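For reference, the structure is listed below as structure tokens.
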Amino acid sequence: MRKTIKGHTYNTATSQFIAVATVEHVITALYRTKAGRYFLLHNGSLLAQDNDIEPIEPDEALAWYNKLTTQETKHDEQQP
């Protein structure tokens, strides 16, 4: 998916994929562009075509990633 927002182009095909999370059937993926800009790709469901790109600041990207990895760690610790 490619989208230009406020003069900046965000393209999932050319950006670095960092992480993905699924919460209540909404899939959100974190990407970093070649220019160093971060963005989230939101998808309403596995089969839906209602994707949306949300540019975020580096500190927001770090917080999102840290929250994701903290949740995964807690989940993994609960596994037998």
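Using R₀ = 22 Å, calculate the FRET efficiency as 1/(1 + (r/R₀)^6) where r is the Cβ-Cβ separation of Ala13 and Glu57; round to 0.05.
0.45
Would you kindly derive the ³J(HN,Hα) couplings of the stretch 5-16 from the backbone phi angles with the Karplus curve 6.51 cos²θ - 1.76 cosθ + 1.60 (θ = phi - 60°), listing them in order in whole Hz, with x for Gly and Pro?
Residue by residue, the stretch 5-16 yields 10, 6, x, 10, 9, 10, 9, 5, 6, 10, 9, 7 Hz.
No lab work stands behind these numbers, since they all come straight from the coordinates. The structure presented is a predicted model; accordingly, all values stated were derived computationally and were not measured. Glycine also receives a Cβ, built like all others from the backbone with ideal geometry; neighbour counts cover every protein chain displayed.
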